[in-house]
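Scroll down for the structure; my scribbles are underneath it.
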Amino acid sequence: MDTIQIYEDNRAVAAAFAAHLVKLFEATEKTRMAVSGGSTPKVLFEILAKEYADTIDWSGVYIYWVDERCVPPYDEQSNYRMTREKLLDHIPIPMTNVFRIEGERQPEEEAKRYAQLVSETVPNDGGIPAFDLVLLGMGSDGHTASIFPHQIELLRSENLYEVGIHPESGQRRVTMTGPVINTAKSIHFLVTGAGKSPVLQKILNSQDNYQSFPAAHVPTAYWWLDKAAFGK
Ligand code: 6PG
């Protein structure tokens, strides 16, 4: 059963989720979490850096990525760069706890290398790595991670990571696949902004063509929404 929480705006969503994360960090000796890029994580990272840099034992937090654009780590499009600038540069986390997807490498090779790294370092459940927490966003086309509607089969891939292709720009991205997302101990969608509302309503109410949206195939998630995205 999904859990839905609605907040005033993007910032309130990020603040509430930051508080949730901090409780998880405090309760767990080692937290292995996979993060996404996008607009709400950016605010979340700013809040964590500003308000929790000194109060968290960051040595127990291990950061992986759900997806990465196939660009070098200094590129403006890089999810790693965004996370580094907003969060990692401001907290005392050992860099050995940070496992970035190397977007500058050949994408298929990098998907294999990263899958191997994840399977070697994240404890598994039935043979599939089980992250303590996976943080997802959703695009206005219903994509999640970098699994777009035209590649919905990546939800059922036998590989832990694959190469997704952005439908408009053609940009290649290394992405976590469905089995890894769905094996996580907790799955959280952070979705904000009115542009997401039409698709979100279909997904939450199982209406019309909702099954064509990759985000609809993630069972038992926590949805952290702002009023605009919820649309009511
Ligand atoms: C990325 C993502 C992607 C994102 C959604 C929502 O690298 O872009 O990981 O899946 O979560 O596109 O992004 P916004 O929050 O910016 O709308």
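Data table
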read-out	value
For Asp54, solvent-accessible area (1.4 Å; no DNA, RNA or ligand), Å²	140
Inter-probe distance in nm under a simple model that places probes 7 Å from Cα toward Cβ, at Ser186 and Arg156	3.1
Two-decimal ratio, segment 3-230, of alpha-carbon radius of gyration to 2.2 N^0.38 Å	0.94
Ratio of the Cα radius of gyration of segment 87-136 to 2.2 N^0.38 Å, where N counts its residues	1.32
Per-pair calculated FRET efficiency, R0 = 22 Å: Thr28 and Glu76 via Cβ, rounded to 0.05	0.10
Helix-only CD estimate at 222 nm, as mean residue ellipticity for the chain, using -39500 (n - 2.57) per DSSP H run (n ≥ 4)	-9500 deg cm²/dmol
Summed residue charge, Cβ within 10 Å of Asn97's Cβ, Lys/Arg positive, Asp/Glu negative	+2
From the C-alpha gyration tensor of segment 11-127, square roots of 5λ in Å	23, 18, 12
Coil-residue trypsin sites (Lys or Arg not before Pro) of segment 73-133, DSSP, other Cβ within 10 Å capped at 16	Arg105
Whole-Å semi-axes of the ellipsoid equivalent to segment 156-215 (Cα gyration tensor, √5λ, descending)	22, 17, 12
At 1.002 mPa s and 20 °C, Stokes D of segment 115-180 from Kirkwood alpha-carbon radius, µm² per second	171
5 angstrom amide H check on Ser78, placed H, neighbours 5+ away	none
Hits among lysines - C-alpha to C-alpha of Lys42 under 24 Å, sequence gap 8 or more where chains match	Lys23, Lys30, Lys50, Lys86, Lys185, Lys196, Lys227
Where labels lie 7 Å past Cα in the beta-carbon direction, separation of Ala15 and Lys227 in nm	1.5
For the chain: accessible area per residue (Å², 1.4 Å)	45
Residues with amide H under 5 Å from that of Val61, placed H, sequence gap 5 or more	Thr31
For segment 206-220, Karplus couplings with θ = phi - 60° (6.51, -1.76, 1.60), whole Hz, Gly/Pro x	6, 10, 6, 8, 4, 6, 7, 9, x, 5, 6, 9, 9, x, 6
Efficiency of FRET from Cβ geometry, Thr96 and Leu204, R₀ 35 Å, rounded to 0.05	0.30
Per-selection Rg to Rh, segment 1-74 - Cα, Kirkwood hydrodynamic radius	0.98
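The values are calculated or read from the model by the stated rules, or taken from the named source; none is laboratory data. Because the structure is a prediction, the values reported are computed rather than measured. Ideal geometry is used to build each Cβ from the backbone, glycine not excepted, and the neighbour counts take in all protein chains shown. What goes into the accessible areas is simple: the full protein's heavy atoms, side chains included, and nothing from ligands, DNA or RNA. Shrake-Rupley method; radii C 1.70, N 1.55, O 1.52, S 1.80 Å.
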